[in-house]
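The values are calculated or read from the model by the stated rules, or taken from the named source; none is laboratory data. The shown structure was predicted, so the numbers you read here are calculated from the model rather than taken from an experiment. Cβ sites come from the backbone with ideal geometry, for glycine too, and all protein chains shown count toward neighbours. For the accessible areas, the whole protein counts, side chains as well, though only heavy atoms, and no ligand, DNA or RNA atoms are used. Shrake-Rupley method; radii C 1.70, N 1.55, O 1.52, S 1.80 Å.
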Amino acid sequence: MKELIAGGNTSVPSSILKVKIISGKAADVSAYRLYDNDKVSGDADMVFYGQKINDDGSVSLLEEGQTSVFEVNLPKVKASVKKITFALTCDNNDTIQALSKLAIQVECDNEVIIVANVEMSGRAEAALILGELYRRNDEWKFRFIDQGFNGGLKPLAEHFGVEVNADETPAAPPSPPPAPAPSPAASAGQSTVNLSKISLTKEGPRVNLSKKDDFGLIRVNLNWNQKAEGKGFLNNLLGANKSIDLDLGAFVRLKDDDKWVIQALGNSFGYFDSDPYVELQGDDRTGAVTDGEWLHINGSQWKNIEEVLVFAFIYKGVPNWAQTDGVVTIHMPGQGPIETRLTEGQNRNGMCAIARLVNNNGSINIERINQYFSGHKDMDNAFRWGFRWAAGSK
């Protein structure tokens, strides 16, 4: 393993590499394929939270959070690409110094081959160009850059030549926001990358998405902070001998008034290609799965869906919502991530109604709820779904 200082470089195998960015707090990461002019050739050259894989699959973002992981398949990188640059931008007006620690490392075949640590003292920048993979004399090398950058993700992306929608802002929209309109560039057939990450809060609890014939794959993710290295965070939440099982689920009502409960409890995982067009992608019982739990909604069948009420519940263990740092994020094609955090729970209640997606004449109205209940029946009564409940198990 080689440890680099700023400006240092070393050769890397022309193989499949993992580039890890490790920080003391969650931050946004991005990667850029660059050409002879040190710019991208188009929006497909950028990989970030809203576009996790590029057009040829040579660069993909596998994990996000305090440890973010890019996979780079160097043999698949086009010959015209000269560099792949990795950067980080801070959330919530933080600075690099506020992250408390920051490092970038390169792995090959599960072995760390390069590590580079950022000096944190006095770092007042909001963004950092960390390092780059680059071609030199028909081989690949890695350089530790450690170059501060003023501004957030938008000016950083524009620095590399990414065309960003001029109408977007990173702030949460008003309640309710106006329906989004295409930018002039998009109307002319020229794509622009959407960097906007929308946070649903008490002050801005709703976002409305205009009607479409096909919304594509709508993915709902539940994740939480794994604070204990080597063990699932929720296993350590209340002490070494106690554990919590946090689950994602949904109530689904179709246009014909057929109703479904989608959850791991009772193995009611649902179906994606048939009624109810909502499917839970597995069940993480430990918190050890780094990207959390996923619920998929078939956006091509949105015309058949009336409402999806997304919830989370603690199946096992004593509720302690304040420690989970839980976040639910809704991803869909062409739309920046929409997220809400589980921050207001009372620890005597183990169930949270998080958000609902409502079909309003073909559009999608997404509303933050974040209300906490003692259980399924209590939540059902509050929203008047009318299910019949019996004890279940996994």
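The table below lists the values:
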| read-out | value |
| --- | --- |
| Residue-count net charge about ASP43 - beta-carbon cut-off 10 Å; Lys, Arg +1, Asp, Glu -1 | -3 |
| ASN267-THR201 pseudo-label distance in nm [points 7 Å out on the Cα-to-Cβ vector] | 4.4 nm |
| Accessible surface, per residue, of region 81-160 when the full set of protein chains is kept, probe 1.4 Å, Å² | 44 Å² |
| Gain in span if fully extended, ALA79 to GLU3, counting 0.36 nm per residue against the direct Cα distance | 24.5 nm |
| Full-extension gain in nm, ASN137 to GLN371, via 0.36 nm per residue minus C-alpha separation | 78.3 nm |
| Solvent-accessible ranking of ASP91, ASP273, ASP214, largest area first, probe 1.4 Å | ASP273, ASP214, ASP91 |
| Violating pairs (Cα-Cα greater than 20 angstrom) within the set LYS154/LYS211; LYS52/LYS83; LYS211/LYS303; LYS39/LYS83; LYS212/LYS303; LYS212/LYS255 | LYS154/LYS211 |
| Accessible surface of ILE5 - all protein chains present, 1.4 Å probe, nearest 10 Å² | 130 Å² |
| Potential extension, SER363-LYS211 segment - 0.36 nm per residue separation minus Cα distance | 54.3 nm |
